[in-house]
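See structure below.
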Amino acid sequence: MSASNGNGSRSTKLRSREWFDNPDNPGMTALYLERYLNYGLTREELQSGKPLIGIAQTGSDLSPCNRHHIELAKRVRAGIEAAGGVPFEFPCHPIQETGKRPTASLDRNLAYLSLVEVLYGYPLDGVVLTIGCDKTTPALLMAAATVNIPAIALSVGPMLNGWHKGERTGSGTVVWKSRERLAAGEIDYDQFMEIVASSAPSVGYCNTMGTATTMNSLAEALGMQLPGSAAIPAPYRERGQISYETGKRIVGMVHEDLKPSDIMTRQAFENAIVVNSAIGGSTNAPIHLNAIARHLGVKLDNDDWQAIGHKIPLLVNLQPAGEYLGEDYHHAGGVPAVVAELMKAGLLPNPDAMTVNGRTMGQNCANAENMDEKVIRPVSSPLKQDAGFINLKGNLFDSAIMKTSVISQEFRDRYLSNPRDPDAFEGTAQVFDGPEEYHARIDDPALGLTENTILFMRGAGPVGYPGAAEVVNMQPPAYLIKKGIHSLPCIGDGRQSGTSGSPSILNASPEAAVGGGLALLRTGDRVRVDLRKGTADILVTDDEITRRRAELQNNGGYHYPKHQTPWQEIQRSMVDQLSEGMVLKPAVKYRDVAHT
Ligand code: FES
Ligand code: MG
């Protein structure tokens, strides 16, 4: 059976009618229906074939980055109603990147699970995904992928630019910079707090090219947001206006039965990988995109990220890799302008990929204007070449990501300038088991750290530190900073904030906690990293590796802290590694659950 959408095109039967309009089972229909009338909805709205549209609300007092969605949802509702739909706003599990302990990423899969259950279990024909703060975006897209009802994403938008004494202060980035100045005694605690607070001047998410701006840009590059939606700052009037347009559009998507699996294809992920390099996207992006792909059954791994993304130039001049912030990104033209620059150079792999507005990525972006070439560079004068990730392998791990575009000149001169051994460095390992040990011991002079030390963080992966901590960008001890050594090479099985500019080697998989090579590493070992060959190895014999592995097993494996909550235990028992998207392993076999 099909219903007319009033525009002449036909659509499949709305799934909401199984709940609210099933004459074959009047008793059940009445029970499903009657309570939704109790706040004023009419039978006409629920039984006349209007699409019922969920608004998956991630904003709350506990999630300030997304809190403005509470306001924006009013415009989304108006858009849904204008197009003939009925809105149903409901809360998602809150995720606040900066406020949740032990780490917000523990909750990504929890929010995913709960949204799958809501979208499956209630009479919704389509859904607006209110995205923003780092983990909310992947959590909601993963759920849309699993359930596969028509879905459209809406960013809450970045905060306005932060300013302090005439300089732009960017979210997160200013923390990493200012804590060095605090450690060096240049500023005191109150000055430090004042500078950091200046970077958060309004509602919205991080105004830097951190994980939030990255993932919101990639949600658009995947085709899941209306063109231009990602970059509009949260307080701007255009943000309310695109919320209205988003509400209108989801109703059309339901009539057209345009589903996440029609949009988030392998071709769309390839586009997103290229856009990620061009914007200088976060090292968290491969984790989340690999996860979304797995929930769709699309093959995608970290070798793809290197093969498709590494050679793409950095075009977007936003902190931490560059100088500008979110408002500047929007004024320059946002994602469509970036895609247009890539298209002009023939670098967008799949202009034919479909998007939520029913047009292709190429049709949406080909004529988008770049309005500020200081902020969005043309491919002919990029900020950097080869801005994507490389995927390192060796006896330390099977996969670890490095963002080579953030390697500083100081770092390059110190570690990568040997003409006989270009792009490679060796050092002596200093191993920390978890962030607490790092904080307790880093300034202890007895460690005797030098510029030839490589800092290792282990026990920080999805199992070791449930959810994987953002802790790999370790600051050198104060005594080295005072000597002018502002960064040491850092390697670890945890993650790193997208707002950090450290050239760390991170997301190492498998992690120490599941017996990865990092568990065999000892302080004092020599380690060699070769960026050209893509290798990272402990310089010991294979026999020694075998001996250490036997010893680790005899000791009962790598020890990590006990569970603090039921969810930590449940997730640890079934979570995959960072290179595999940190998904819940039993969940990835479920596809298209709305239609089962
Ligand atoms: Fe929420 Fe950065 S902390 S977006
Ligand atoms: Mg983060």
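Any read-out appearing in this document is the output of simple, stated calculations on the displayed coordinates, not a laboratory observation. All of these numbers come straight from a predicted model, not from anything done at the bench. Heads up, the Cβs are rebuilt from the backbone with ideal geometry, glycines too, and the neighbour counts pull from every protein chain shown.
Quick look at the values:
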| read-out | value |
| --- | --- |
| Gained length - residue 450 relative to residue 345, 0.36 nm times residue gap less alpha-carbon distance | 33.4 nm |
| Distance histogram for segment 389-555 (every C-alpha pair counted, 10 angstrom bins, percent rounded to whole numbers) | 11, 42, 38, 9, 0 |
| Within the chain: Cβ-based charge dipole about Cα centre, in debye rounded to nearest 20 (Lys, Arg +1; Asp, Glu -1) | 440 debye |
| Residues 396, 342 arranged by fewest to most Cβ contacts within 10 Å | 342, 396 |
| Mean Cα-pair separation over length for segment 389-555, i.e. relative contact order, pairs under 8 Å, 6 or more apart, % | 29 percent |
| Residue 551 versus residue 331: modelled label distance in nm, points set 7 Å from Cα along the beta carbon direction | 5.9 nm |
| Full-stretch length increase - residue 410, residue 238 - with 0.36 nm per residue and alpha-carbon distance subtracted | 57.8 nm |
| Förster radius 25 Å - calculated FRET efficiency between residue 62 and residue 190, Cβ distance, rounded to 0.05 | 0.40 |
| Isotropic mean projected area of the C-alpha convex hull, segment 220-303 (nm²) | 6.3 nm² |
| Selection from 216, 250, 175, by position along the positive dipole direction of the chain (Cβ) | 250 |
| Additional length obtainable on full extension of the chain from residue 43 to residue 443, 0.36 nm per residue less Cα span | 137.2 nm |
| Length-normalised contact order for the chain - Cα pairs under 8 Å, 6+ apart - percent | 14 percent |
| For the chain, Cys with no neighbouring Cys Cβ under 4.7 Å | 92, 206, 365, 490 |
| Furthest towards positive pole of dipole, 546, 464, 392, structure part segment 389-555, Cβ charges | 392 |
| Amide H within-cut-off set for residue 155, under 5 Å, with H built and near neighbours excluded | 131 |
| Set of aspartates and glutamates with alpha-carbon distance to residue 74 below 16 Å, sequence-local pairs under 8 removed | 89, 238, 245 |
| In Å, descending, principal axis extents of the Cα set of segment 42-190 | 68, 31, 22 |
| Selection from 502, 514, 419 lying farthest towards where the dipole of segment 389-555 points positive, charges on Cβ | 419 |
| Kirkwood hydrodynamic radius of segment 287-386, Cα pairs, Å | 14.7 Å |
| Rh (Kirkwood; distinct C-alpha pairs) - the chain, Å | 24.7 Å |
| Cα-Cα over 19 Å, subset of 135/248; 299/585; 177/311; 311/533; 311/374; 403/482 | 135/248; 177/311; 311/374; 403/482 |
